[in-house]
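Chemist: Got a structure here, written out as structure tokens. Questions coming.
Read-outs: derived from the displayed coordinates by stated rules, not from any lab. This one's a predicted model, so the numbers in the text were calculated from it and none came from an experiment. Cβ coordinates were reconstructed from backbone atoms using ideal geometry, including for glycine residues, and neighbour counts include every protein chain displayed.
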Amino acid sequence: MSNETILTNATLVLEDKVVKGTIVFSERAIKSIDSGVSSLPAAIDVEGDIVAPGIVEMHTDNMEKHFVPRPGVFWPNGLSAALAHDAQMVAAGVTTVYDSICAGSIYGQKDYRREIFAKVIDAVAEGQDKKLFRIDHAIHIRCELTGDELVSDVEPYAAHPLIKLVSLMDHTPGKRQWRNLDDLKRYNLGSGEKTEEQHDADVALRMDIGPKNFEKNWPIIVEMFGARQIPIATHDDTTEDDVVLGREAGAVISEFPTTVEAATAAQKHGMATILGAPNVVRGGSHSGGVSASHLATLGLLDGLSSDYVPSSLLQAVVKLNADFNLPLAQTMGMVTWKIADMVGLKDRGRLKPGARSDILRFKVLDGSPIVKAVWSQGVRVF
């Protein structure tokens, strides 16, 4: 039929293996996957390129870059910012993206996030409602539990239908991501935003107020979103106690565990783990956390997010396969079906008949993935 796309002579990445063959899909769903080469006139010879499910991204801060392209500079047209972000994500092979936005601020730090919070939600809603995006968007709210205004920021949007994921963050110095205060000092002074005296004063204030707000906000946020059965992730788990605290609150994902101890505990307690793909590409965490590649080789890494670099997703997939000898089906699964399963999207993330026809075609050149084409629900969007 005319609305079908046939890709043949393809390297097909299935859930548990890689095969040579042909895939047929329409705007409704994947219709068939077969071994061998199709001789149909409509078949597109992809010359051995890799054909995989479209990437499912559950944590990216990339939207913020378009709303605030420079410090203190706010882009006046929210929809245009969201559309630019959408184009960048699809160019990275992403077909489903959970746009991450922060609620609550760390005592005046990064207050721009409070200013754009509602604007981002409104822009994503407009893009989705008017079918302006190339790919599927949802909202991931990152709740800074140490923030004074967290509950008042979030409450008006608690029932918003686009909110599909919530993460619980605690950036108190001396805990989780910043358990090592030297790492925090190096990070802050390296950015040039603070003098050493300002840094020391800021840390003292945050260590005093942060735990109090955390204790107050944690049960409120957990109840607010748990009642809607929205998946909850904990953030920067460092110890088994961190993991247990989240699991008892109903969390199903340990997002960016910072130690082998935390990742091991997450697996023990039935929580999925994700780390940032830039961690894989760069060879380690920018804030002193555990190496994502190391966790992958230990069997403690379930999924990857782009965090702050969209193109890092495919780069990490290729690097884990080439440099750490992990099967391509396994590494591709870290950005497709495993993420889809974590957030409850059972209709996508796999190449199989009946699945949503979100398709990615790419090749690898000198270790770099080159995106050749992307289809969202069977329609070519890149």
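Chemist: Being buried (at least 17 other Cβ atoms within 10 Å of the Cβ) and under 24 Å from Phe382 (Cβ atoms) narrows it down to one of Ala91, Ala123, Ala103, Ala87, so name that one.
Modeler: So the residue among Ala91, Ala123, Ala103, Ala87 that is buried (at least 17 other Cβ atoms within 10 Å of the Cβ) and under 24 Å from Phe382 (Cβ atoms) is Ala123.
Chemist: Let me ask something additional. Considering only segment 55-98, state which residues are in contact (Cβ under 8 Å) with a residue 24 or more places away in the chain, in a helix (DSSP H, G or I) and of a type in the set (S, T, N, Q).
Modeler: Correct list: Asn62, Gln88.
Chemist: While we're looking at this one, here's another question. Please enumerate the residues belonging to segment 345-365 that are part of a strand (DSSP E or B), surrounded by 15 or more Cβ atoms within 10 Å (Cβ to Cβ) and of a type in the set (A, V, I, L, M, F, W, C).
Modeler: The answer is Ile359, Leu360, Phe362, Val364.
Chemist: Only one of Ser368, Ser376, Ser305 is surrounded by fewer than 19 Cβ atoms within 10 Å (Cβ to Cβ), of a type in the set (S, T, N, Q) and touching a residue at least 12 places away in the same chain (Cβ under 8 Å); which?
Modeler: After applying the criteria, what remains is Ser368.
Chemist: Can you confirm whether segment 253-273 contains a residue that is free of Cβ contacts under 8 Å to residues at least 12 places away in the same chain, out of contact with any helix residue (DSSP H, G or I) (no Cβ under 7 Å at 6 or more places or on another chain) and acidic (Asp, Glu)?
Modeler: no
Chemist: Kindly provide the set of residues from segment 115-132 that are in contact with a strand residue (DSSP E or B) (Cβ under 8 Å, 6 or more places away or on another chain) and under 20 Å from Cys143 (Cβ atoms), ordered by number.
Modeler: Listed by number, the residues that qualify are Ile116, Phe117, Val120, Ile121, Val124.
Chemist: Follow-up question, since we're still on this one. For segment 284-335, what are the residues that are within 18 Å of Ala262 (Cα to Cα), of a type in the set (A, V, I, L, M) and outside any loop (DSSP other than H, G, I, E, B)?
Modeler: Result: Ala292, Leu295, Ala296, Leu304.
Chemist: Please verify whether segment 67-81 includes one or more residues that are crowded, with 20+ Cβ neighbours inside 10 Å and of a type in the set (A, V, I, L, M).
Modeler: Yes - at least one qualifying residue is present in segment 67-81.
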